[in-house]
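Q: Take a look at this one; I'll ask things after.
The values are calculated or read from the model by the stated rules, or taken from the named source; none is laboratory data. The structure displayed is predicted, hence computed values, not measured ones. Here the Cβ positions follow ideal geometry from the backbone for every residue, glycine too, while neighbour counts run over all protein chains shown.
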Amino acid sequence: MLAVIEASPEPLPVEAIAERTRLHANTVRGHLDVLLAGGSIAREAADARGRGRPRWLYRSAKQPSSPVRALAEALSAQLTEVRDPSIAQAAAERWGQALPDLPVADTPDDAVAQATDALNRLGFNAKASPVGDAIAVTDCPYADLVAENPVICDIHTALVSRLLGQTGQPVSVEAMDVWSRPGMCTARLRRPDLVPARTIDVDENGYITPQKGTGS
């Protein structure tokens with residue numbers, strides 16, 4: 001019965017538990033009382049509809065572990081050491097343990113894709129640029145805390161660096177643009193395989209800057 005309750009993503013009424021365990025509802029109620037007394041499950045009232053007492057719903061008493069919770073624990077342990085230059089790396093290491101190490105990637109593009117996927121699994125909304133030279137990150141769960149704790153952005157940057165480093169490809173973080181636009185941060189990546197054949201500089205007025213040695 002406990003396994004049935006723990007496996008359900010939503011709280012269950014007695015009738016559903018009885019159906020899944022093939023036990024009589026009265027038998028189920030007796031066992032539920034034992035599980036409640038032992039602290040293995042918790043109960044909450046369902047939305048009341050009409051007259052009468054509301055039904056009880058039963059759920060696991062275990063607190064689900066999540067990557068977001070993992071970072072919260074890392075912050076709690078590390079924010080008191082803000083003056084330590086290694087704080088971001090230390091917190092990122094602890095947070096990164098919420099996911100298994102990334103496998104070695106076959107190509108730099110695969111490395112960027114794996115790091116982007118890992119960020120999504122850690123609670124962000126991450127998307128790589130079409131060229132693969134940047135990762136845009138939105139829906140930061142800690143956006144409201146950044147103003148008072150800018151070190152959080154350092155931790156995020158260190159985390160992206162850690163993820164890319166696990167792929168075994170020569171891809172690294174060149175810089176992190178915090179709030180490159182409202183609600184978005186952009187990790188600009190350094191990739192030796194993406195070297196332009198030529199760069200044309202344009203000044204703030206829109207004029208092309210003369211290139212050295214071109215005579216133009």
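Q: Search the range 120-141 for residues being over 14 Å from Ala187 (Cβ atoms) and surrounded by fewer than 17 Cβ atoms within 10 Å (Cβ to Cβ), and hand back the single one that is modelled with the lowest pLDDT.
A: Across the range 120-141, the extreme among qualifying residues is Pro141.
Conditions (1) in a loop (DSSP other than H, G, I, E, B); (2) touching a strand residue (DSSP E or B) at 6+ places or on another chain (Cβ under 6 Å); (3) over 26 Å from Ala143 (Cα atoms); (4) among the aromatic types (Phe, Trp, Tyr), marked per residue:
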| residue | (1), (2), (3), (4) |
| --- | --- |
| Thr157 | no, yes, no, no |
| Arg162 | no, no, no, no |
| Gly165 | no, no, no, no |
| Glu174 | no, yes, no, no |
| Asp177 | no, yes, no, no |
| Ala187 | no, yes, no, no |
| Pro192 | yes, no, yes, no |
| Glu204 | yes, no, yes, no |
| Pro210 | yes, no, yes, no |
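Q: Name the residues in the range 147-169 that are surrounded by fewer than 21 Cβ atoms within 10 Å (Cβ to Cβ) and within 16 Å of the chain's Cα centre (by Cα), would you?
A: Across the range 147-169, the qualifying residues are Cys153, Asp154, Thr157, Ser161, Arg162.
Q: Out of all the residues in the range 168-216, which are out of contact with any Ser or Thr (no Cβ under 8 Å at 6 or more places or on another chain), β-branched (Val, Ile, Thr) and within 18 Å of Val131 (Cα to Cα)?
A: Val171, Val195, Thr199
Q: When Gly132 is evaluated against the numbered criteria (1) on the phi < 0 side of the Ramachandran plot; (2) in a loop (DSSP other than H, G, I, E, B), which criterion, by number, is the only one it fails?
A: (1)
Q: Go through the range 16-110 and tell me which helices (runs of 4 or more DSSP H), entirely inside it, have 3 or more residues that are modelled with pLDDT of 80 or more.
A: On the way: elements: 25-37, 67-78, 87-96.
Hits in the range 16-110: 25-37.
Q: Checking Val131 against (1) over 19 Å from Gln89 (Cα atoms); (2) in contact with a helix residue (DSSP H, G or I) (Cβ under 7 Å, 6 or more places away or on another chain), only one condition comes out false. Which one?
A: Among (1) over 19 Å from Gln89 (Cα atoms); (2) in contact with a helix residue (DSSP H, G or I) (Cβ under 7 Å, 6 or more places away or on another chain), the lone unmet condition for Val131 is (2).
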